[in-house]
Amino acid sequence: MKDCLWKKANIQGIKQHLQAFSSTFFVSETGSIENEWSKFKSAITSSVNKFVPSKMSSTHPTHPWVDTDLRCLTRRLTASTLESQENREREGLDTIQRPPKVCPKSHTTSRDLILAEGCK
């Protein structure tokens with residue numbers, strides 16, 4: 001990812017470059033809007049590329065507290081989790097159906113009995 005260093009930019013160079021562009025841009029015949037936009041965009045882009053220094057940064061987001069040891073621990077945890085899931089699938093433990101915790105019909109009848117006893 002390219003980061004522009006605007007504090008070190010040559011603002012005078014940008015102004016001169018864009019003034020030279022504007023003298024030719026406004027004098028020329030007007031074409032389609034897309035054509036004019038592409039000319040304008042290329043002039044701005046070229047002036048930024050020429051007069052604004054930049055640096056390349058990593059596209060992978062990193063935080064200052066994530067160091068080599070923490071990355072190593074994270075990879076170990078991820079690997080062990082994947083291995084555990086593969087073992088469960090291989091042994092067929094994920095296909096076992098567990099009985100429901102509460103049978104809806106018996107729950108309803110026991111609730112009705114309790115409510116009925118409380119009303120007496």
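Just so you know, all these numbers are worked out from the coordinates, no wet-lab data involved. What you are looking at is a predicted structure, and each value in this text was computed from that prediction instead of being measured.
Taking amide H atoms as placed 1.01 Å from N in the peptide plane, the amide H of residue 54 lies under 5 Å from those of 5, each 5 or more residues away in sequence or on another chain. Backbone phi angles across the stretch 13-20, fed through the Karplus curve with coefficients 6.51, -1.76 and 1.60 (θ = phi - 60°), yield HN-Hα couplings of x, 5, 4, 5, 5, 6, 5, 5 Hz in residue order; Gly and Pro are listed as x. For the stretch 2-56, the calculated P(r) over all alpha carbon pairs, in 5 Å bins from 0 to the bin holding the longest distance, is 4, 20, 25, 20, 15, 10, 6, 2 percent.
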